[in-house]
Each structure stands twice: as C-alpha cells, then as structure tokens.
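Okay, so here's the structure we're looking at.
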Amino acid sequence: MPGINDMKTHPGFLFSTAEAAIKKPGRKDIALIVSEVESNIAGTFTKNAVKAAPVRLCMRNIKSGKGRVIIVNSGNANACTGKRGMQDAEKIAADVSRRLDIKPSLAYICSTGVIGTPLPMERITPALDALVGNVGRSSFADVAEAIMTTDTFPKIVSRSLKIGGKSGTITGVCKGAGMIAPNMATMLCFILTDVALEKRALGAALKESVSKSFNRITIDGDMSTNDTVLLMANGMLGNAPITLKSKYFSAFSKALDEVTYALSKLVVKDGEGATKLIEVIVKGAKSDSHALKAAFAIANSSLVKTAIYGNDANWGRIMCAVGYSGIPFHEEKADVFFNAVQVVKRGLANNKDKEATAALKSKEIAITIDLHAGKSSARVLTCDFTEEYIRINAEYRT
C-alpha cells in the first residue's frame, strides 16, 4: 500500500475516494477507509425496524469485533431493496476485500441517500478499481466530502490524548443534515484512533459516548434506516490495550465524548434549511428520564422550531410541549428562559417578550425550562424549521 497520508492525525489509516455517479455525475461519491493492520471495531446502529442492507451486513460482521475496511457510498441508501440489496452490499464488500487481499468479514459497508432504489452496480463495480487503486492518495477531508448528501459542509473533529508518555489521536468524520432523530446514533459516523483498546472497553466507550451526543440531537423527528457509527482502533500507538479497569479508560472516554459531541453539534448546525442552532435545557426534573422526555418534546416541536425561526418568543409552545411530554408537570412552578432572558416566572408571563425577541435573533439559542421538581437535568440539540427545509425534502428524489 502507498505511504500513510495525514500521518500525525490518522496514523495507520489510508483513504481513497472515487466517482461512481451513483445519483448524478460530477462528484466523488464513494469512499474507502483502510487500516494498515487488523483493528478492533465497535459500532452502534439504527433501532428503526426497517434497516438498510449495509446496516444488516455491518451488524453481522461486527460480532467478531474486528475490522480493516470501511466502504461508504452517498446518493443511494440501499434500503428497502430486498434480497438484491443485500447481494449488492455483499458483492461490494467482497470485491474490495479481494482487491486488498483481506477477509470479507473485515469489511464494513455503509450507504446514505435515497431509499427504495437499487444501487447502480453497473457504475459502482467499475469504480472500485479506481477506489482501491487510489488508496493513500486521498485525505480524511476527501472522505468527508464524498459521503455528503444534503450536507452543506464536511464534518471532521479531532482530539489528542496522552496515554502514558505517548500522544494518541481520535478523529471522527460524519454526515447528516436531515432524517435526524436518533435512537442509537444518527447519520453515518466513522471514528478512527491509533490507541489500543480491548474490545469490551471499545464497545462500552462508544455506547456511552453515543448516548450523550448523537442520541441527544434531533432535526426533524425522523429516524433513519441507515444510522451507523463505527469506531476503529488499530493500536498503532503501541500502548498496552486499555481495559474497562485501566486508569486510561476515563481519559479515552473523555476525548471520545468531546469528538462525538462536537460532531453531533455540527450535524444539527447543518440541519436542512436551518438558520439557528438551538440547545434545549431542562432543569429541576424529578429524574433524568423525565428531563430527557421534556427536552425532546420541546426540541421536536414544529411549533417551537418555527417560532424560533420567526424570532417569535412564543413561550406558550414550550409549556405546551412539556405538558404533552408524558412527565408529571406543574406549570405553576416552571420558569422559562430564552438565552438569559426570563419570559416565564412560576408559570406566568414575565413581560419580557421584547427582550426575548431580540435574543432570538442570535444564531445560537438556548431554551431553558426549570421545572422545580427535582435535581435532574438534560440537554438536547436541535435547529429551527424554515421554508428551505420543505424545499429540500420536497425535491429530494428529483
């Protein structure tokens, strides 16, 4: 294989992109990530009952906890494509594996794009020669661009951490701007590290990190059929493998949390048609589950999201959302804030609508509601709804 590019931030990983004209010509739309050595790998996948063929293939392969290759295409989700969809996914994985001389069980394939249309294998298969032949000639940034669909910018985040006397890295790339309401992960996300971790520790770190980041965002309330997060650790840092009881497990988990949260924030910031990033903060809840239910009820409310877009400090929509969230709620105890402006005090108007309207003109908005019912809290990220969201999704297949 060619020499490693981006040596400092992606040690032991090689990248490639190619054009298969999957949805339309003129852009790279298939990408390849290759670890130079067999790696430990962990993943989380959509809980949607409708799972795309590549998701089902990844879920089958990941039982071994080992991996070498991630193959990604944009423009076509290969979901709801029946037996042919699985056959196509297996063929791509097998073809790439044969060219790289690795076992197909070490190859993970992911797809994103239109649901219900078979992959154009007549264009993808010939593109695999260029994809494998160019390994090492592309960057992680090229991968980020190749996997975009309605995204408006590529999303990459990297963090370094000290393991003993050595400096390791964790770098993640993701795509996603619509059909975002995760219940495991969201969109597609690939995280690479040169740090060595035992398989159980890797899986535990990823599961916990996803629960605090990708599972705390929503753009439109729709859960994808293709949601996949893969974390590959090739161990090329040379450290003793981190276990669940290792003193370095918390340091790795903290750095991973920073990567996943930063990526999830970029996904919401790039929400289809969005103009504002909204952080919903619920405080004073009786339990963590109550806080999270209330936060998601607000974040998923189309009425709240359109009000924020219109700079309308309509706090009644927030109270309404908490009221139907399913948690015990005493409106006469609640306080509501838009950024630092308190618009509701003990359930009643605080006559600060003018100041709140001015606050809503910011690009980043914090909606805080204090339930005064306990000590638990939760945060969820979302964005506003605009006419552009409707246009993008009305024309998605055309």
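Values in this text are rule-based calculations from the coordinates and carry no lab data. Worth saying up front: this structure is predicted, and the values here are computed from it rather than measured. Cβ atoms come from the backbone with ideal geometry, glycine included; neighbour counts cover every protein chain shown.
Which order do the peptides 353-364, 63-74 take when ranked by the mean count of other beta-carbon atoms within 10 Å per residue, highest first? Each step should come with its number before you reach the end.
Numbers: 353-364: 14.9, 63-74: 21.4.
Top to bottom by mean Cβ count within 10 Å: 63-74, 353-364.
Taking the square roots of five times each eigenvalue of the Cα gyration tensor of the chain, the equivalent ellipsoid has semi-axes of 39, 25, 17 Å, listed largest first.
Want the number for residue 340 to residue 245: 0.36 nm per residue separation, take away the alpha-carbon distance, what's left?
Details: separation 95, 0.36 × 95 = 34.20 nm, distance 4.15 nm.
30.1 nm is the gain from fully extending residue 340 to residue 245.
Counted residue by residue at 0.36 nm each, then reduced by the alpha carbon distance between them, the extension gain from residue 56 to residue 332 reaches 94.5 nm. Applying a 4.7 Å Cβ-Cβ cutoff to the chain leaves 58, 80, 110, 320, 383 as cysteine residues with no disulfide-compatible partner.
Each 10 Å bin from zero up to the one holding the largest Cα-Cα distance in the stretch 40-90 carries the following percent of pairs: 22, 56, 21, 0. Kirkwood hydrodynamic radius computed over the stretch 277-394 comes to 14.0 Å, based on all pairs of distinct alpha carbons. When peptides 199-212, 296-309, 121-134 are sorted by average Cβ neighbour count within 10 Å, with the highest value leading, the order is 296-309, 199-212, 121-134.
Fully extending the segment from residue 64 to residue 162, taken as 0.36 nm per residue of separation minus the present Cα-Cα distance, adds 32.5 nm. For the chain, a Gaussian network of Cα nodes joined below 10 Å ranks 142, 270, 194 by mean-square fluctuation, and the top entry is 142. Listed by chain and number, the aspartates and glutamates whose alpha-carbon sits under 15 Å from that of residue 199, ignoring those within fewer than 8 places in the same chain, are 38, 208.
Dividing the helix sum by the residues of the chain, where each DSSP H run of 4 or more adds -39500 (n - 2.57), gives a mean residue ellipticity at 222 nm of -9500 deg cm²/dmol.
Spatially, the stretch 209-261 and the stretch 97-142 are offset by 24 Å when compared through their Cα centroids.
Does the stretch 334-376 come out rounded, prolate or oblate, given a ≥ b ≥ c as the square roots of the eigenvalues of its C-alpha gyration tensor, rounded meaning a/c under 1.5 and, failing that, prolate meaning a/b above b/c? Before the final figure, lay out each step's value.
Working: a/c = 4.54, a/b = 1.48, b/c = 3.07.
Oblate is the answer for the stretch 334-376, as a/c is 1.5 or above yet b/c matches or exceeds a/b.
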